[in-house]
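Trainee: Let me give you the structure first, and then I'll get to my questions.
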Amino acid sequence: MSARIQPDEKMIPLASTGTRVRVQTIGEGPPVLFIHGGPNSGSTWAPIIETFDGLQCLLVDRPGTGLSDPYREIPTPEEFNELSDGFVRDVLDGLGLKRSHVVASSLGGFMALRSAATTPDRIDRMVQMACPAMAPGMLVPQFMRLTSSEAFRRITGLFPPSPRINDNILRQIGHGKSLDAGRIPQEFMDWYLGLQRHTDTMEHDGNLIGTAASFRGGVNPALTLTDETLASVTAPTLFLWGEDDGFGGRDVADAVVGPMPNASLEMVDDAGHLPWLDFPTEIGSRTRTFLAMET
């Protein structure tokens with residue numbers, strides 16, 4: 001987070017589970033809830049927050065990530081669907097808010113889409129960053145396949161995180177061009193390494209990945225986003241989808257966006273699964289503009 005940005009921080013309980021999650025609040029204005037992917041935490045959005053002048057940015061750490069408490073037990077796929085259905089509602093209730101915009105990525109994108117389908121009265125406008133988890137036809141990068149193996153998670157738990165491994169993961173999900181061009185700040189790389197070393201994020205999100213994906217590369221059918229679910233998302237939604245996203249390109253994007261009645265798609269050249277890391281000013285400004293439109 002930029003030294004110029006000093007977030008307020010609070011822990012709020014989620015009504016469905018009692019789990020306490022951390023929310024960092026930056027700025028004033030109409031609220032925007034940011035829901036990150038995995039394994040990650042709310043601070044992953046820091047590179048674009050300065051572009052959201054005039055909005056109240058709410059950066060939540062999903063349960064088990066960052067400084068949030070984990071779920072009491074690893075949810076089954078069916079349980080995780082239910083938790084995702086109510087996630088936006090639970091966070092907004094905990095903050096005393098009726099509605100908000102939503103910006104989401106990857107696993108957070110999955111949770112946001114399910115929330116938008118089941119609690120449409122809580123979401124104004126939404127921006128999805130690249131491929132949401134569990135998208136139909138989604139590809140599964142090698143690191144995620146390995147993480148799905150409990151034996152592999154036990155073995156890797158014996159070794160410390162390293163910059164080399166993080167570099168490899170970012171390349172697998174489509175950020176090789178930005179790494180080679182020096183577009184991803186060292187501050188972000190240092191923060192991400194610190195997240196792994198000083199929190200249990202990798203362990204908890206690794207357990208979730210283990211319930212969602214298989215070593216062979218498939219996604220649990222019980223979690224796959226269906227056309228029925230996607231068609232139920234009525235909030236105006238913009239997808240900013242990296243052309244190099246390691247979870248799927250234009251064909252997967254079309255399969256996700258096609259059933260949604262109020263969704264639009266913009267492909268971003270030379271960007272990966274987390275496109276705001278590749279082009280923070282461009283992606284942040286485009287997101288800010290879309291959220292400011294009249295619904």
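The values are calculated or read from the model by the stated rules, or taken from the named source; none is laboratory data. Keep in mind it's a predicted model, so treat the numbers as computed, not measured. Positions of Cβ are generated from backbone atoms using ideal geometry, with glycine treated the same way; all protein chains shown enter the neighbour counts. Note: areas computed on protein heavy atoms with side chains; ligands, DNA, RNA excluded. Shrake-Rupley method; radii C 1.70, N 1.55, O 1.52, S 1.80 Å.
Trainee: With a 1.4 Å probe and every protein chain kept in, tell me what percent of the accessible surface of region 192-274 is carbon plus sulfur.
Mentor: On the way: 1610 of 3460 Å².
In region 192-274, the share of accessible area belonging to carbon and sulfur is 47 percent.
Trainee: Shifting gears a bit: Which of the peptides 203-210, 254-261 is most tightly packed, and how do the rest follow, judged by the mean count of other Cβ atoms within 10 Å per residue? Present the calculation step by step, with values, prior to reporting the outcome.
Mentor: Working: 203-210: 20.5, 254-261: 17.4.
So the peptides 203-210, 254-261, ranked by packing, come out 203-210, 254-261.
Trainee: Determine the share of region 3-102's accessible area contributed by carbon and sulfur atoms, expressed in whole percent, with a 1.4 angstrom probe. Could you put the intermediate results ahead of the total?
Mentor: Numbers: 1940 of 4150 Å².
Heavy-atom surface of region 3-102 belonging to carbon and sulfur, 1.4 Å probe: 47 percent.
Trainee: Also: Can you compute the FRET efficiency between M11 and E79 using 1/(1 + (r/R0)^6), with r the Cβ-Cβ distance and R0 = 22 Å? Round to the nearest 0.05. Show your work: numbers first, answer last.
Mentor: Working: r = 23 Å, r/R0 = 1.03.
So, using R0 = 22 Å, E works out to roughly 0.45.
Trainee: Assuming 0.36 nm per residue, please report the length gained on full extension of the stretch R197 to D121 beyond their Cα-Cα distance.
Mentor: On the way: separation 76, 0.36 × 76 = 27.36 nm, distance 3.88 nm.
23.5 nm is the gain from fully extending R197 to D121.
Trainee: Now, a different point. Find the relative contact order for the chain and round it to a whole percent, using C-alpha pairs within less than 8 Å whose residues are 6+ positions apart.
Mentor: Working: 614 pairs, mean separation 61.4, N = 295.
Rounded, it is 21 percent for the chain.
Trainee: Another one. 5 Å is the cut-off here: which amide hydrogens, built 1.01 Å from N in the peptide plane, fall below it relative to R125, excluding neighbours closer than 5 in sequence?
Mentor: H101, V102
Trainee: Roughly how many Å² is the accessible area per residue of region 47-88, as a whole number, for a 1.4 Å probe?
Mentor: Details: 1670 Å² over 42 residues.
I get 40 Å² per residue for region 47-88.
Trainee: A further question on this structure: Which one, (1) 1.23; (2) 1.18; (3) 0.91, gives Cα Rg over 2.2 N^0.38 Å as derived from the coordinates shown?
Mentor: It is the one labelled (3).
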